[in-house]
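Student: There's a structure below that I have some questions on.
The values are calculated or read from the model by the stated rules, or taken from the named source; none is laboratory data. Everything numeric in this text was worked out from a predicted model, so none of it was measured. When we count neighbours, we look across all protein chains shown, and the Cβ atoms used for this are built from the backbone with ideal geometry, even at glycine.
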Amino acid sequence: MTLLAASSLATLLLLSAQAAAAEDSQEDAELVGCIDAANANDFAMRDCYLDLNAREDVAMNVAWKRLMEVVGGRTSSSGAALVIEQRAWLAYRDAACHHFDISGTLNRLLGAMCLANLTSSRVSQLKDYTLYYNGGEY
């Protein structure tokens, strides 16, 4: 990788991180308000994280559709490879968080937190992929 390419990639990642931070602050405010209103009730706090995960899932679907547009759809070579990756990632996310849901209210809260955190990270990753494939434009 040339110095110019590395510098360009670093700039793109920085811009992506700044945009994500602005979006995250709104999500954080919603989550903090929900957690405060839950008054330390595990079930209510779990619902806060499930709501956050639902919002992140919508954001992931939007980011996925945008990425597929940029790479030329699911039938392009990059699109086909990304479909395989996305399916594997979804299986990983579900398996990584499932063990929390087996028993106990605290574990169920941790499971919801796990889903929300992993899905949020995936949204950022898909946006980064879009920036990469689209020459720095989301």
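Student: Could you check the range 59-79 and list, in sequence order, the residues that are more than 30 Å from Leu109 (Cβ to Cβ), loosely packed, with under 13 Cβ neighbours inside 10 Å and either under 18 Å from the mean Cα position of the chain (by Cα) or of a type in the set (A, V, I, L, M, F, W, C) (or both)?
Tutor: Lys65
Student: Something else now. Looking only at the range 85-107, decide whether some residue is touching a Phe, Trp or Tyr at 6+ places or on another chain (Cβ under 7 Å) and either at positive phi or modelled with pLDDT under 95 (or both).
Tutor: Yes, some residue in the range 85-107 is touching a Phe, Trp or Tyr at 6+ places or on another chain (Cβ under 7 Å) and either at positive phi or modelled with pLDDT under 95 (or both).
Student: Output the number of residues of the range 99-138 satisfying the condition of being buried (at least 20 other Cβ atoms within 10 Å of the Cβ), within 11 Å of the chain's Cα centre (by Cα) and of a type in the set (A, V, I, L, M, F, W, C).
Tutor: Final tally of qualifying residues: 4.
Student: Any residue in the range 125-138 that's within 19 Å of Glu56 (Cβ to Cβ) and in contact (Cβ under 8 Å) with a residue 60 or more places away in the chain: show its pairings with residues that are surrounded by 15 or more Cβ atoms within 10 Å (Cβ to Cβ) and among the β-branched types (Val, Ile, Thr) at Cβ separation under 8 Å, as long as the two are six or more apart or on different chains.
Tutor: Thr130/Val70; Tyr138/Thr130
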